Amino acid sequence: MKLASKIAILFMAVLTTSLATAQEKKPASPPATATGKIGGANISIKYNSPFVKGRTIWGELVPYGKVWRAGANDATTFTTDKAIKVEGKDLPAGTYAFFVQPEKDGTATVIFNKEAKQWGSYDYKDAQDALRVKVKTKKSAKMNESLVYTVNKGDVTLSWENLDIPVAIK
């Protein structure tokens, strides 16, 4: 009877330790949200933030000339509660899947797609695009280990590795 009790206690201790360790493990690309106000519109960007982990991002992990989900896992979403101008073009209030197609020449096409709930960009359909704009990328002031979005006074910027993709918004 004593042996059975000791085995049961040992089993519970191992199980508790295993569960605690599993809960402490952080996801490879944790969920994140960037929020802010631009010209009276509330902007919210929900994404999963992958890490560089020694990889070359632009042109390799994220290929040039291909639509990318602009984060990890589910497609990144961009929400505005009021109509805004993106790079001078109208975007109605709503929630959009946010995609980026980086190019080798230092530009990127930023895409706002009407089908907000998508896994990655696997089922992306350009017929559902609400807006596409071309922007110039720029070298980041610092190395960004994790992908991050910032909502600034007049733009939204995606920063990852050594690249910033600013998108002007009014």
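The values are calculated or read from the model by the stated rules, or taken from the named source; none is laboratory data. Remember, it's a predicted structure, so these values are computed and weren't measured experimentally. Every residue, glycine among them, receives a Cβ derived from its backbone with ideal geometry; neighbour counts consider all protein chains shown.
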>> Looking at (1) in contact with a Ser or Thr (Cβ under 8 Å, 6 or more places away or on another chain); (2) in a strand (DSSP E or B); (3) surrounded by 17 or more Cβ atoms within 10 Å (Cβ to Cβ), which one does Phe112 not meet, given that it meets all the others?
In response: (1)
>> Take the conditions surrounded by fewer than 16 Cβ atoms within 10 Å (Cβ to Cβ), touching an Asp or Glu at 6+ places or on another chain (Cβ under 8 Å) and outside any strand (DSSP E or B) and apply them to Lys117. Does it pass?
In response: yes
> How many of the residues making up segment 66-102 are surrounded by fewer than 22 Cβ atoms within 10 Å (Cβ to Cβ), of a type outside the set (Asp, Glu), on the phi > 0 side of the Ramachandran plot and in a loop (DSSP other than H, G, I, E, B)?
Replying inline: 2
> Mind checking which pairs have a first residue in segment 43-61 that is free of Cβ contacts under 8 Å to residues at least 60 places away in the same chain and over 13 Å from Thr77 (Cα atoms) and a second that is among the aliphatic types (A, V, I, L, M) and not in a strand (DSSP E or B), Cβ under 8 Å, 6 or more apart or different chains?
Replying inline: Arg55/Leu61
> Out of curiosity, is Leu131 modelled with pLDDT of 95 or more, within 21 Å of Thr33 (Cβ to Cβ), part of a strand (DSSP E or B) and not polar (S, T, N, Q)?
Replying inline: no
>> Name the single residue that is surrounded by the most Cβ atoms within 10 Å (Cβ to Cβ) among those in segment 151-170 being of a type in the set (S, T, N, Q) and in contact (Cβ under 8 Å) with a residue 12 or more places away in the chain.
In response: Ser159
>> Being surrounded by 11 or more Cβ atoms within 10 Å (Cβ to Cβ) and aliphatic (A, V, I, L, M) is the filter here; which residues of segment 120-150 pass it?
In response: Ala130, Leu131, Val133, Val135, Leu147, Val148
